[in-house]
1. Explain nothing, just compute: Karplus ³J(HN,Hα) = 6.51 cos²θ - 1.76 cosθ + 1.60, θ = phi - 60°, for every residue of segment 160-173 in order, whole Hz, x for Gly and Pro.
2. Quick check on packing: order 106-118, 285-297 by the mean number of other C-beta atoms within 10 Å, highest mean leading.
3. Apply the a/c threshold of 1.5 to the C-alpha gyration tensor of the chain and tell me whether it is rounded, prolate or oblate.
4. I want to verify a result. In a Gaussian network model of the chain, Cα cutoff 10 Å, which of these has the top mean-square fluctuation: 50, 140, 200?
5. Segment 137-197: which chymotrypsin sites (Phe, Trp or Tyr not before Pro) are DSSP loop and have at most 11 other beta-carbon atoms within 10 angstrom?
6. Using the beta-carbon distance between residue 286 and residue 241 and R0 = 22 Å, what value does 1/(1 + (r/R0)^6) give for FRET efficiency, to the nearest 0.05?
7. Whenever you get a sec, compute what percent of the accessible area on segment 4-90 sits on carbon and sulfur atoms (1.4 Å probe).
8. Could you give the accessible area per residue of the chain, probe 1.4 Å, as a whole number in Å²?
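The values are calculated or read from the model by the stated rules, or taken from the named source; none is laboratory data. In this text, all values refer to a predicted model and were calculated from it rather than measured experimentally. Here the Cβ positions follow ideal geometry from the backbone for every residue, glycine too, while neighbour counts run over all protein chains shown. Heavy atoms of the whole protein, side chains included, go into the accessibility calculation; ligands, DNA and RNA do not. Shrake-Rupley method; radii C 1.70, N 1.55, O 1.52, S 1.80 Å.
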Amino acid sequence: MFENLSERLSGVFDRLTKQGALSDEDVKTALREVRVALLEADVSLPVARDFVKAVQEKATGQAVTKSVTPGQQVVKIVHDELQHVLAGDDDNPGELKIDNAPAPILMVGLQGSGKTTSTGKLAKRLKEKNGKRVLMASLDIYRPAAMQQLEILGTQIGVDTLPIVAGESAVQIAKRAKQQATLGGYDVYMLDTAGRLQIDETLMQEVEDVRDVVNPRETLLVVDGLTGQVAVEVAEEFDGKIGISGVVLTRMDGDGRGGAALSMRAVTGKPIKFVGLGEKMDALETFEPERIAGRILG
Ligand code: GDP
């Protein structure tokens, strides 16, 4: 997920740790290289700048450069700062608020971002790892194929889907899903909303109407991690218009740079809750900042 960045950083830090004694100037030079590595990973400029500044403030001055293992101290500071940039002040961003049954989860995002796939993956996870009874419903009235796709996924993973009824509006389907989830004793119902190729007013209005009808416990934005900074811009827009509670970052199996993962929290203030790591139904991981910071630093 972060192979390129990880390789670049390990080059910088290998040199630093081998060097023994360090001056403030050595630290500065290394951090300049860190900044370039972050920008090459498609991390947004203000995030890269703030990151380096925060590390610099902690790493220069007496304590670090005078310590016995200054290089390792710098690496530790970078590690902690990476974790901070990935997680903000949340302890557990992967946790979902789904205690009051039936808890609605609204899945939103652009077409092709991996929304339907992620809905299936998350339903499977909630069923198998959390022991939840899940109902899924497709609200994509524009693409019958998308509705069928969710139904097929449901059969594959053993999760119920709301029967497809032709001619209903998205809001009508959402109401029916809510009713069936309540009557059927489901713990969670997931609404896979329609996507567009670009953000447009009709799409946003429809999602807003659905949101107002079901009052979701979680509104998860699915974005394609391969699009880097664009993924972060999409998240900002969706959050501004409909309010999101978290992000599912897909296609991270194909992204050696990981810039979207690093900028998302700092730019949007919203946590990445899950990452998609493939097309299969179990290729979904919770986003654990500490483990990921460790992975980036090798
Ligand atoms: P939607 O239009 O947003 O509902 O997108 P889909 O769920 O139909 O996904 C579009 C394509 O992306 C499908 O071929 C998926 O198998 C693929 N896809 C979704 N998530 C991932 C992921 O995390 N990694 C990879 N490699 N492919 C993914």
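1. Along segment 160-173, the couplings run 5, 10, 5, x, 7, 10, 5, x, 7, 7, 4, 5, 4, 5 Hz.
2. 106-118, 285-297
3. prolate
4. Largest GNM mean-square fluctuation: 200.
5. Filter output for segment 137-197: empty list.
6. According to the calculation, E is roughly 0.25.
7. Here it works out to 51 percent.
8. 45 Å²
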